[in-house]
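Read through the structure below, which is laid out as structure tokens, and then see the notes.
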Amino acid sequence: MNKLLAIRHHLSAAPHRSLFLAGALQGVLTVLWWAFDLTSRYGIAGSMTHWSIAPTWAHAFLMIYGFFPFFIFGFLFTTYPNWMNGDKVRPREYVATCVLMAAGVVLFYVGLLTHKVISIAGVELMLVGWGIAIYVLFRILLTTSAQDKRHARVTSIALLMGWLGVAAYLVWLVTESPVVLNFARHAGIWFFLLPIVLTVSHRMIPFFSSRVLDNYEMVRPFWMLWLMLACIAAHGSLQWLELSAYLWIADFPLAACALYLSYRWGFLRSFSVSLLAVLHFSFAWLGVSMLLYGVQSLTYMLSGNMVLGLAPLHALGIGFFASMILAMASRVTIGHSGRPLELDRLTWVLFLGFQATAVIRILSDVVPVIAPMLYVLAAFVWLACFGLWTAKYAPIYWRQRMDGKPG
């Protein structure tokens, strides 16, 4: 009993602990479910299972709204008070967010196996948990007197768009309207995830780099951030309206800005410090993915052929989003557990191995002949790398800091 109480105490000692733990477990569970579906669908193992929701759209929801937000809320609950010198988030607030969203994800899985009504209840719980998080973060944003709130304003608006995306998915579950499903899909990527991950990168990567690289010039152009966010909003809107032939107009400028920032932030220099290199490596995927999107769109406009399939999406979703989550979560976990800010060899190897997930999934669209095998292979590489990462880092969340400090 005392041990359970101690675990509960440590899990609630800091905002990132319970939320990162839930995110780490979900990073394994959602891909484990997807791998099971793929292997049965393609006759590799077992027989096809009938789900209450189309597996493609269940997979999209679980990845966009049921995996990344746990890490995002854990990070922002920690950084908002620091960014704006505001009051700390109360334990009951971040624990309530985690419990409600985690319970919602569990019900979503149960509903997949049984009845869609249970999944609907799960999404409703997630909306309530997400709503609490928005209230808390907006309270900090609006009640502090910090002079520079630019990054926080962007991430706050993106969080609200994410909540609307979940709400749209809920409406689709009830009505089966393709219009709201399309909004949920595209809003989750272009109005929620990408603005947040880009904005956090814009704030944190130059800052972290300046702390460890000698003679480092911290470049953080806001005009470029606004341009990139405008391109992201344009891409999301065009894709929602199914105007794929014009996406390149937004994609190539966005790719150029991302590649420029990778260069100015010191991509090559970062490899002297592995804890920094994982952030730069992850960010480099943004430029690559938007180049792929631009090539795909321009080719479609000129020839009517939609080349590359979902390769640009997975370069963005796995290469940029998931890699950055892995990199940031590693850094936050190490730093907030009282450990030296150094990336051990195993985590570095797991991160590099995780990049193979993105490469394999991209190749499956470039070499469609063997696509089913590559789909499954990518899922198992993700499981191997993310599973080992979870096994290594999850116990840290329910244990006391090594230096004995609170938090």
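The values are calculated or read from the model by the stated rules, or taken from the named source; none is laboratory data. Keep in mind that what you see is a predicted model, and the values were worked out from it rather than measured. When we count neighbours, we look across all protein chains shown, and the Cβ atoms used for this are built from the backbone with ideal geometry, even at glycine.
Quick look at the numbers
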{"read-out": "Residue that is buried (at least 20 other Cβ atoms within 10 Å of the Cβ) and either touching a residue at least 60 places away in the same chain (Cβ under 8 Å) or over 16 Å from SER282 (Cβ atoms) (or both), where the choices are ALA371, ALA329", "value": "ALA329"}
{"read-out": "Failed item, numbered, when TYR169 is tested on (1) closer than 25 Å to THR79 by Cβ; (2) surrounded by 23 or more Cβ atoms within 10 Å (Cβ to Cβ)", "value": "(1)"}
{"read-out": "Checklist (1) in a helix (DSSP H, G or I); (2) of a type in the set (Asp, Glu); (3) surrounded by fewer than 21 Cβ atoms within 10 Å (Cβ to Cβ) applied to ASP251, failing item", "value": "(3)"}
{"read-out": "Within the stretch 271-289, tally of residues that are within 24 Å of LEU346 (Cβ to Cβ) and either under 22 Å from the mean Cα position of the chain (by Cα) or not in a helix (DSSP H, G or I) (or both)", "value": "13"}
{"read-out": "Top-ranked residue in the stretch 352-364 [being buried (at least 21 other Cβ atoms within 10 Å of the Cβ) and out of contact with any Cys (no Cβ under 8 Å at 6 or more places or on another chain); ranked as nearest to LEU276 (Cα to Cα)]", "value": "ALA358"}
{"read-out": "Residues satisfying the stated conditions in the stretch 29-70, i.e. under 17 Å from TRP130 (Cβ atoms) and not in a helix (DSSP H, G or I)", "value": "TYR65, GLY66, PHE67"}
{"read-out": "The one condition in (1) over 24 Å from THR155 (Cβ atoms); (2) at pLDDT 95 or above; (3) in contact with a helix residue (DSSP H, G or I) (Cβ under 8 Å, 6 or more places away or on another chain); (4) of a type outside the set (Asp, Glu) that LEU243 fails to fulfil", "value": "(3)"}
{"read-out": "Residue tally, condition over 16 Å from SER330 (Cα atoms) and part of a helix (DSSP H, G or I), over the stretch 8-25", "value": "4"}
{"read-out": "Selection count where residues are surrounded by fewer than 22 Cβ atoms within 10 Å (Cβ to Cβ) and either assigned to a loop (DSSP other than H, G, I, E, B) or β-branched (Val, Ile, Thr) (or both), scope the stretch 79-108", "value": "9"}
{"read-out": "The stretch 109-141, residues that are crowded, with 18+ Cβ neighbours inside 10 Å and within 16 Å of ALA158 (Cβ to Cβ)", "value": "TRP130, ALA133, VAL136, LEU137, ILE140, LEU141"}
{"read-out": "Matching entry among LEU170, LEU141 (being closer than 30 Å to GLN239 by Cα and either in contact with a Cys (Cβ under 8 Å, 6 or more places away or on another chain) or hydrophobic (A, V, I, L, M, F, W, C) (or both))", "value": "LEU170"}
{"read-out": "Those residues of the stretch 306-326 which are surrounded by fewer than 23 Cβ atoms within 10 Å (Cβ to Cβ), part of a helix (DSSP H, G or I) and either touching an Asp or Glu at 6+ places or on another chain (Cβ under 7 Å) or among the aromatic types (Phe, Trp, Tyr) (or both), in sequence order", "value": "ALA311"}
